[in-house]
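Have a look at the structure that comes next, please.
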Amino acid sequence: MYINGSWTDAEKKQTMEVINPATNELIQETAKADETDAAKAVAAASTAFPGWKKTTAKERSSFLLRTAAILREQTEELAEILTAEMGKPLKEAKGEIGLGIDYLEWYAEEAKRAYGEIIPASSSSKRLMVLKEPVGVVAAVTPWNFPVAMITRKVAPALAAGCPIIVKPASATPLSAMKIVEAFDKAGLPKGVLNLLIGSASPIVGELMRSPEVRKITFTGSTEVGKKLIEQSAATVKKMSMELGGHAPFIVFEDADIDAAVEGVVNSKFRNAGQTCICTNRIYVQKSIEKTFLEKFTARVKELQIGNGLEDGTDIGPLIDEGAVKKVQEHVADAVQKGGTVMYGGEQASGCTSDKFYTPTVIADAKDSMLISTEETFGPVAPVFTFTTEKEAVERANHSDYGLAAYCFTKDIGRANRVMDGLEYGIIGINDPIPTTAQAPFGGVKESGIGREGGRQGMEEYLEDKFVSIGNIE
Ligand code: NAP
């Protein structure tokens, strides 16, 4: 753990193991924090706040840029750690680290643009202004599926805004988090400004949520846990950002470039073995092109290589744990039982180095009654539904409690415009299966979350507006 600028054991000397899902082997033991350590981190961050708030934007920016440069140099090493602890192919790990660095660099610039406002007053004797101020101490809780980018997407804007931050990464992936914090430490970040707590969620996050000194919670993870944190934040009225689950529709119209759409779905569905919040969960194909699409799509999925992410040529690594494999098995069994046709896959992969690999799977004849049509599968399973009209496609795409990302492939600009307007989602990819980028707002509507990360909007989440009215100025 890293508290108040020092690497430290847990107060109670507890430890936990980090396991490689591709081999089931132990990678490393780490400290395991509890509420006592969390309280220490809160005290350190609170003490650091006044000094950090006073630094200039240029100073804060320089720490972010130095850290970005260190991480860029360490990309190979960090990518191997990331792949070992969560399984994604090395090429994807490098891509994620690139995105993580982009957030650091982008917010290093944005730190200098936290402009306030002067408002025209109703009286000539008054001057009205809005000052931008950092929220205060921030608690960040992150998931295992993007162990680098989900941390820098929170830490970069928080530090840029002038907030100290305490990070609690997922228990499965603390090693990438340690590398990121090590880079900030090397960059000379003042003590207490960034703290890292590794361990089980309840004791650590419970303490962070109870603390009145923690003024903001930023969470990325499941909707189920997000709802609990929303409830808990009421006790001390914390500001919050919630990046929660998704259930992305991917609509392919008959006028689309079908080859591009196939490649797009493969990218969106099978990246990270289907374990991304914005990955495609429901593929809606216009009835007239169903046969062609399924042939091309299935042929392409057959080419995907399963294996240890550290091996060259791997497209699909292991799932994170046994629970994840079980959920995928349940969804596939349910789909088959309700009339789905398995075009390819549909089983746990054999001959692999652990029991956590699942064959990429295509299911035709998907129906709205299937579990897969409403629950996040978080695995490499692609159900293909059909539709007849544009109106039907949009209505069915919107039929979800989630509202994170949605995709549409069409060459008709008018249709693209109508569909974009009709989809109730926070992120829309039109002929673009990978829309995430540091300079744009990322986040969902409905049960997919509250607030945005990335872009100038992501910085606002760490700032408060302080209104000042000055009288008697004449
Ligand atoms: P998760 O189970 O909700 O865990 C996320 C984080 O919350 C982990 O650090 C976890 O710690 C912690 N946590 C678990 N139970 C908690 C509790 N009762 N109180 C406080 N914290 C708790 O989610 P996950 O399985 O790691 O990630 C997958 C989910 O994240 C999916 O639903 C996915 O869609 C979503 N996601 C969303 C975005 C987005 O930007 N919208 C991005 C990526 C992922 P432990 O690991 O110690 O349990």
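The values are calculated or read from the model by the stated rules, or taken from the named source; none is laboratory data. What you are looking at is a predicted structure, and each value in this text was computed from that prediction instead of being measured. In this analysis, Cβ positions are derived from the backbone assuming ideal geometry, glycine residues included, and neighbour counts consider all displayed protein chains. All accessible areas refer to the heavy atoms of the entire protein, side chains included, with ligands and DNA or RNA removed. Shrake-Rupley method; radii C 1.70, N 1.55, O 1.52, S 1.80 Å.
Would region 78-99 turn up any residue that is without any contact (Cβ under 8 Å) to a residue 40 or more places away in the chain, of a type in the set (S, T, N, Q) and away from the ligand (no atom under 16 Å from the Cβ)? Before the answer, list the steps.
Keep residues of region 78-99 that are without any contact (Cβ under 8 Å) to a residue 40 or more places away in the chain, which gives 79, 91, 94-95, 98.
Within this subset, residues satisfying the condition of being of a type in the set (S, T, N, Q) are none.
Looking through region 78-99, none of the residues is without any contact (Cβ under 8 Å) to a residue 40 or more places away in the chain, of a type in the set (S, T, N, Q) and away from the ligand (no atom under 16 Å from the Cβ).
What number of residues in region 364-417 are within 18 Å of residue 258 (Cα to Cα) and either of a type in the set (Gly, Ala, Ser) or buried (at least 21 other Cβ atoms within 10 Å of the Cβ) (or both)? Don't jump to the end; show me each part of the working.
Pass one, region 364-417, residues within 18 Å of residue 258 (Cα to Cα): 364, 382-390, 393, 406-413, 415-416.
Retained after the next criterion (residues that are either of a type in the set (Gly, Ala, Ser) or buried (at least 21 other Cβ atoms within 10 Å of the Cβ) (or both)): 364, 382-385, 393, 406-410, 416.
Matching residues across region 364-417 total 12.
With the requirement that a residue be surrounded by 23 or more Cβ atoms within 10 Å (Cβ to Cβ), assigned to a helix (DSSP H, G or I), out of contact with any helix residue (DSSP H, G or I) (no Cβ under 8 Å at 6 or more places or on another chain) and of a type outside the set (Gly, Ala, Ser), what does region 246-301 give you?
Listed by number, the list holds a single entry, 269.
Kindly check whether there is at least one residue in region 372-379 that is closer than 20 Å to residue 273 by Cβ, part of a helix (DSSP H, G or I) and not hydroxyl-bearing (Ser, Thr, Tyr).
yes
Looking at region 436-474 only, could you name the residues that are touching a residue at least 60 places away in the same chain (Cβ under 8 Å), surrounded by 15 or more Cβ atoms within 10 Å (Cβ to Cβ), within 16 Å of the ligand (Cβ to nearest atom) and part of a loop (DSSP other than H, G, I, E, B)?
At the first step, the residues of region 436-474 found to be touching a residue at least 60 places away in the same chain (Cβ under 8 Å) are 436-439, 442-444, 447-454, 456, 458-459, 461-474.
Now drop any that are not surrounded by 15 or more Cβ atoms within 10 Å (Cβ to Cβ), which leaves 436, 438, 442-444, 447-454, 456, 458-459, 461-464.
Now restrict to residues that are within 16 Å of the ligand (Cβ to nearest atom): 436, 438, 442-444, 447-454, 458, 461.
Result: 436, 438, 443, 444, 447, 448, 451, 452, 454, 461.
Here is a yes/no grid of residues against (1) closer than 29 Å to residue 121 by Cα; (2) within 14 Å of the chain's Cα centre (by Cα):
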{"site": "410", "(1), (2)": "no, no"}
{"site": "427", "(1), (2)": "no, yes"}
{"site": "433", "(1), (2)": "no, no"}
{"site": "455", "(1), (2)": "no, no"}
{"site": "466", "(1), (2)": "yes, no"}
{"site": "472", "(1), (2)": "yes, no"}
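Something else now. Which helices (runs of 4 or more DSSP H) does region 166-236 wholly contain that include 1 or more residues that are within 7 Å of the ligand (Cβ to nearest atom) and open to solvent by 10 Å² or more (accessible area, probe 1.4 Å)?
Where helices (runs of 4 or more DSSP H) fall fully within region 166-236 and carry at least 1 residues being within 7 Å of the ligand (Cβ to nearest atom) and open to solvent by 10 Å² or more (accessible area, probe 1.4 Å), they are 201-210, 223-233.
Of all helices (runs of 4 or more DSSP H) completely enclosed by region 1-97, which ones contain at least 1 residues that are among the β-branched types (Val, Ile, Thr) and farther than 30 Å from residue 271 by Cα? Please lay out each step first, then the result.
Values: elements: 35-54, 57-73, 75-86.
Per the criteria, 35-54.
Quickly run through region 98-143 and pick out the residues that are β-branched (Val, Ile, Thr), part of a loop (DSSP other than H, G, I, E, B) and within 20 Å of residue 437 (Cα to Cα). Can you show your working first?
Of all residues in region 98-143, those β-branched (Val, Ile, Thr) come to 101, 118-119, 130, 135, 137-138, 141-142.
From the residues that got through so far, the ones that are part of a loop (DSSP other than H, G, I, E, B) too are 135, 142.
Result: 142, single match.
A further question on this structure: For region 355-392, which residues satisfy the criterion of being within 16 Å of the ligand (Cβ to nearest atom) and among the acidic types (Asp, Glu)?
375, 376
Condition test on residue 54, is it assigned by TED's automatic domain parsing to the domain that holds residue 89 and over 27 Å from the mean Cα position of the chain (by Cα)?
Details: assigned by TED's automatic domain parsing to the domain that holds residue 89: yes; over 27 Å from the mean Cα position of the chain (by Cα): yes.
The answer is yes for residue 54.
Give the residue, chosen from 238, 216, that is in contact with a strand residue (DSSP E or B) (Cβ under 8 Å, 6 or more places away or on another chain), in contact (Cβ under 8 Å) with a residue 12 or more places away in the chain and closer than 24 Å to residue 32 by Cα. Can you show your working first?
Working: 238 fails: closer than 24 Å to residue 32 by Cα.
Sole residue among the options that is in contact with a strand residue (DSSP E or B) (Cβ under 8 Å, 6 or more places away or on another chain), in contact (Cβ under 8 Å) with a residue 12 or more places away in the chain and closer than 24 Å to residue 32 by Cα: 216.
Here's another thing I want to ask about it. Of the conditions (1) within 14 Å of the ligand (Cβ to nearest atom); (2) under 21 Å from residue 211 (Cα atoms), residue 143 satisfies every one except a single condition; which number is it?
(2)
Are there any pairs, at least 6 apart or on different chains, whose C-beta atoms fall under 7 Å, with the first in region 312-324 and touching a residue at least 24 places away in the same chain (Cβ under 8 Å) and the second aromatic (Phe, Trp, Tyr) and not in a loop (DSSP other than H, G, I, E, B), and if so, which?
Close Cβ pairs (under 7 Å, with a partner that is aromatic (Phe, Trp, Tyr) and not in a loop (DSSP other than H, G, I, E, B)) amount to 315/270; 316/270; 319/358.
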